[in-house]
Amino acid sequence: MPRRKNHQEATQARRFFKGDGHTMLYVEDNPANLKLMETLIDRMAGITMVSAHTRELGLELAEVHKPDVIILDINLPGINGFQALHRLKESEATRDIPVIALTANAKPSEVERGLKAGFHRHLTKPIRIHEITAALESALEAA
């Protein structure tokens, strides 16, 4: 049964994104999470994923590709996700791009902190298809 629900959610996402030609940047150092997101995005017609395994590369790719939305793992080595968000908001090229935080830290205080810092949404791992789809839809409508 859960498999059917995921298929239905992917079908709904496919309908929303079809033909829109959006680009999403996913900044994540865990290869399994990258692969999972890639598989999810591949099911969504009209959206392309660019990925980076370090926050520094992610910031560079954001400047170059100017994606429509960024999903950022906020617990990567190096600068933290809040610092990365600050840099994105300082740059004229990236300041208006919605950034979605993704983290294993599900504490309500961390979610509130992320939203106050300026993240469009604050999602927790493990990745849930319906949450990612809803967050992307909301971010693309806001962009």
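Brief remarks on what is shown
- Number of positions in segment 89-143 that are open to solvent by less than 40 Å² (accessible area, probe 1.4 Å) and touching a Leu at 6+ places or on another chain (Cβ under 7 Å): 14
- In segment 86-143, the residues that are assigned to a helix (DSSP H, G or I) and among the hydroxyl-bearing types (Ser, Thr, Tyr): Ser109, Thr133, Ser138
- Enumeration of residues in segment 29-48 that are part of a strand (DSSP E or B) and crowded, with 19+ Cβ neighbours inside 10 Å: Ile47
- Pair list, Cβ under 6 Å, 6 or more apart: segment 95-114 residue more than 15 Å from Ala62 (Cβ to Cβ), other residue assigned to a loop (DSSP other than H, G, I, E, B) and β-branched (Val, Ile, Thr): Thr103/Ile74
- Hey, Glu60 surrounded by fewer than 16 Cβ atoms within 10 Å (Cβ to Cβ) and in contact with a Phe, Trp or Tyr (Cβ under 6 Å, 6 or more places away or on another chain) or not: no
- Of all residues in segment 70-84, those being at pLDDT 95 or above and more than 10 Å from Arg55 (Cβ to Cβ) number 2.
- Tabulated pairs, segment 61-89, first within 20 Å of Met37 (Cα to Cα), second open to solvent by 40 Å² or more (accessible area, probe 1.4 Å) and in a helix (DSSP H, G or I), C-beta under 7 angstrom, 6+ apart or interchain: none
- For segment 114-143, the set of residues classified as of a type in the set (D, E, K, R), modelled with pLDDT under 90 and over 13 Å from the mean Cα position of the chain (by Cα) consists of Glu141 only.
The values are calculated or read from the model by the stated rules, or taken from the named source; none is laboratory data. Everything numeric here is computed off the predicted structure, so don't read it as measured data. Cβ sites come from the backbone with ideal geometry, for glycine too, and all protein chains shown count toward neighbours. Quick note on the areas: whole protein, heavy atoms, side chains included, nothing else; ligands and nucleic acids left out. Shrake-Rupley method; radii C 1.70, N 1.55, O 1.52, S 1.80 Å.
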